[in-house]
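Peer 1: Okay, here's the structure, questions in a sec.
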Amino acid sequence: MMKKHLYLSVCGISIALAGLVVALGSHTRFDIVIPALFIFGGLLAFLFARSNSHHKIAYPYHTIQSIGLVVFGLLIGLVPQNPTDLLDLLAYYMLLFGLIEIIYVFSAFTTQLKLHMVMLTLRVVTGVFGIVGGIVIMRFVFSENEQAPLLAGSFLVILGLSFVVMPYFFDNKSK
């Protein structure tokens, strides 16, 4: 049981490391390191999804998440021509991440399954954080603020760490 949670935690560490690379601001690293970290995170999310194949909500959600991380990693490796392009993609990723987290929670409420209320609350918080983060990053990028990479990286680190701590709530069912 703990092994499958390790997949999600290491996926979060991978996203957090990508955030650290962005925050450090080295513009030469976005062509290899950041895409590799997102693709690796996507593969781990896929393994986590497969380990939850019996779950009506978690399996499709984490499958979508894994595909999204891999596609996003590929986009980061292929599309950005400069750091601003990378930050734009990260802002869109954060917005999409936030929306998917919130959709997951609403999907869970439409089932007859027992709900992990603390975990669902954490997902709502990370979802809102992702949406707000995406909007804030866009504003900083559009205003050409030099702090945009640090800000974007910090948001990614926090989102990644949310995946590290989330498995600890799976076994604590509170209704």
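Peer 1: I'm spelling it out carefully: the read-out is Cα Rg over 2.2 N^0.38 Å, the candidates are (i) 1.01; (ii) 1.47; (iii) 1.09, and one was derived from this structure. Which label?
Peer 2: Among (i) 1.01; (ii) 1.47; (iii) 1.09, the one calculated here is (i).
Peer 1: Follow-up. Using a cut-off of under 20 Å, list every residue of segment 72-86 whose amide N is near the label point 7 Å from the Cα of LEU99 along the Cα-to-beta-carbon line.
Peer 2: Correct set: 72-76, 86.
Peer 1: OK, next. Which of these, THR111, THR121, THR84, has the largest mean-square fluctuation under a Gaussian network model of the chain (Cα springs below 10 Å)?
Peer 2: Among THR111, THR121, THR84, the largest mean-square fluctuation in the Gaussian network model of the chain belongs to THR111.
Peer 1: Could you tell me which of LEU37, ASN82, THR110 has its Cα farthest along the dipole of segment 28-175 towards the positive end, charges placed at Cβ (Lys, Arg +1; Asp, Glu -1), taken about the Cα centre?
Peer 2: About the Cα centre, the residue reaching furthest to the positive side is THR110.
Peer 1: Short version: ³J(HN,Hα) in whole Hz for each residue of segment 151-162, in order, from phi by Karplus 6.51 cos²θ - 1.76 cosθ + 1.60 (θ = phi - 60°), x for Gly and Pro, what are they?
Peer 2: For segment 151-162, the Karplus curve yields 5, 4, x, 5, 4, 5, 4, 5, 5, x, 5, 5 Hz.
Every read-out reported here was derived from the displayed coordinates using simple, explicitly stated rules and does not represent laboratory data. Given the structure is predicted, the values throughout are model-derived calculations rather than measurements. Cβ coordinates were reconstructed from backbone atoms using ideal geometry, including for glycine residues, and neighbour counts include every protein chain displayed.
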